[in-house]
Structure formats: C-alpha cells, structure tokens
Ligand code: DAH
C-alpha cells in the first residue's frame, strides 16, 4: 500500500506539473483527490491493514494528500498568472500609433451668411421670425395686393396643392409681412428668413427653391430714406465699407414706390465681361440683383388693420443665395445646392 501511495504521489505531481489550464487542473484534482479518486480508493482499503500498519499508512496518506493539494494550489496560482499575462499582452495598446483624425464639420456657407445677416439685423432691433412654407394664397398673394390673374399667381410659376389654387408652396417670404402684422401692432421691426419655391429652371442665378430674407418696419414717419439707410448699412456690414450697390425703380404690387437693389458683380467688377467674353455670373450686366424693396402699400396696411394715415413702413426681400455668392465669391448658384464637400470645405 505504501508503494501504491508513493506511485499516486509521483503520478499526481508529474501530471500537475504538466497541466497548462485551469480545466486540466480541475480534472486532475477529481482524478487524484475526488470522492471516486485514486487516493480515496486506497484509503477505503485501510480496514484490511493491521493495527500497527494503519496509523503509519494513514499518516502517509495524509502527507500525500497535503503534498498534492499544495502542488495543486501552486499550479493554480501559476496558471492564473500566465493567463492574465497573456491577456494583458494581447490587449496591449500601442500608444505610439498615430491617432485617427476626426474631421469636425462646419456650417453650410449659406447658413454662415444667414447667421451674419441675422446678427446684424438683431443688432438693429429686428425680431427674427419663422413661418410656414406651405401657405394660403391669401397670405402669399391676395392680402399683399396681388390680384387674381396677376402673372405671378399663374400655375406655370407657382406650385399649388389644390385645384382651387388656394394652398401653395410660398413663392416669397413677403407672406410673413401679413402674418406678422396680423399679430403685432406698430411700431414693429421684423426679419423673416426662409425657403421659397418657384417653377424656375436652374441656372447660374436661378433655382426652383431658394431663400429669402424678408424685412418689415412699420411705425410713424417711416420714409424711403430709412429704407435706403437700413439697406446700405447692412450691405456695408456684409461686404465691407463702400459696397457698390445701386437702386433701380421697379414695381411690386405690395409696395409703393418700389425699387430693386443690385450689387456690383464680384466676378467682373461691373464691367460685364472677362477677357473679352460675357461674364457668366451676371450675364454681362455688371450688376447682380439682390433684393426688392419699397414703401409698404397703404392697401396692405389696411388689409392688416393698420391705419395708413397714421403709420407708414418699408419692406424688403433679400435673395440669400445671391448675397452669399457675392459675400463668398461664388460664381454659380448651383454649387450652393450641390452639397459637394470639396466645394463646401472651402468655406
Ligand atoms: N417678394 C419680392 C420677390 O420675391 C421681393 C420683395 C419686393 C420683397 C419688395 C419686399 C418688397 O418686401 O417690399 O420678388
């Protein structure tokens, strides 16, 4: 029996020394120390021993068990450490590898210019408001003194939703003049930027969807001089001092008198040509139309319950894309809508 114990001990110690994984260790523990293990099997036969032999063999069996247990613990610790080390090595981060650069986006050039313009007007006391793009014909046309049958109401120019031509995609932000005067009484100063829609073919200066910035000021004793002053002030702020602009008489049904304001073409500097060919940005005009404006028509004030004998006002509608083109020296309006990042990243 002593030999048997000695053999178990040697086998166990050798097997434990060779074990590499926690699972292998557990298997060996069951094999040698478990209830059905080899050591237990030997101990079960102790009854057959003589009274003198029994304590000797018993002591030896305990010593063998203790030695196997010690070795088992030792291997457990060693294997655990090895596993941990392998894991750490596998997960190691090489801090010398260059990081991935995260590109930070920026505002669309048109929004940059819009933000600039809004800031300037807010500084002059204007309230910035938003309004519906799907609009009633009464706000977009009728109450702005644009009568039935006026060419701008034609189905070839305007996107309508219904057969009665009552609901449409607004063709101008001027609809916001009516909405604002419906809810505010003079003195008032409003700025309403937003999208407008027309059945236009896209070219260097046209698009079926574009942005306008509507302005409206109504109070006592407002004159055309106030209008010119406000517009020249803002142009100087956007384009730098002495922006080259001109006012031309024009007609709008909702203003009287009315005018348009042009900015000198930033590409040909007003000459209308570049190296002997017609400038493609201003079509040879030398000027780019930026906005329509005028003194609010008395009928429009009346349509909003404001007495034209007491109050007067001016209004304007700035084309945002064209203003941005001049501000950022962009030659073709379509670039603004293409959303090609190679273009957008230049601003
Ligand atoms: N709504 C006009 C257009 O789209 C522009 C305009 C002209 C706006 C005169 C105004 C204005 O406020 O007074 O062509």
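The values are calculated or read from the model by the stated rules, or taken from the named source; none is laboratory data. The structure displayed is predicted, hence computed values, not measured ones. Quick reminder, even Gly has a Cβ in these numbers, built from the backbone with ideal geometry, and neighbours come from all protein chains shown.
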Can you pull out the residues in the range 163-187 that are closer than 20 Å to residue 222 by Cβ and more than 14 Å from the ligand (Cβ to nearest atom)? 182, 183, 184, 185, 186, 187
All positions within the range 48-102 that are more than 22 Å from residue 31 (Cβ to Cβ) and over 60 Å from the mean Cα position of the chain (by Cα): 48, 49, 50, 51, 52, 53, 54, 55, 56, 59
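Does residue 157 fit the bill of being part of a loop (DSSP other than H, G, I, E, B) and within 13 Å of the ligand (Cβ to nearest atom)?
Judged against the criteria, residue 157 is a match.
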Selection from the range 198-208 of residues without any contact (Cβ under 8 Å) to a residue 60 or more places away in the chain and within 13 Å of the ligand (Cβ to nearest atom) yields 198, 200
Kindly list the number of the only condition in (1) in a loop (DSSP other than H, G, I, E, B); (2) outside the structural domain of residue 182 (by TED's automatic domain parsing); (3) farther than 30 Å from residue 334 by Cβ that fails for residue 103. (3)
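Taking the range 159-183, which residues are touching a residue at least 24 places away in the same chain (Cβ under 8 Å), surrounded by fewer than 18 Cβ atoms within 10 Å (Cβ to Cβ) and under 29 Å from residue 311 (Cα atoms)?
182
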What's the number of the condition residue 74 fails, among (1) in contact with a helix residue (DSSP H, G or I) (Cβ under 7 Å, 6 or more places away or on another chain); (2) surrounded by fewer than 13 Cβ atoms within 10 Å (Cβ to Cβ)? (1)
Residue 51 versus (1) in a helix (DSSP H, G or I); (2) free of Cβ contacts under 8 Å to residues at least 12 places away in the same chain; (3) closer than 30 Å to residue 9 by Cβ: which is the lone unmet condition? (1)
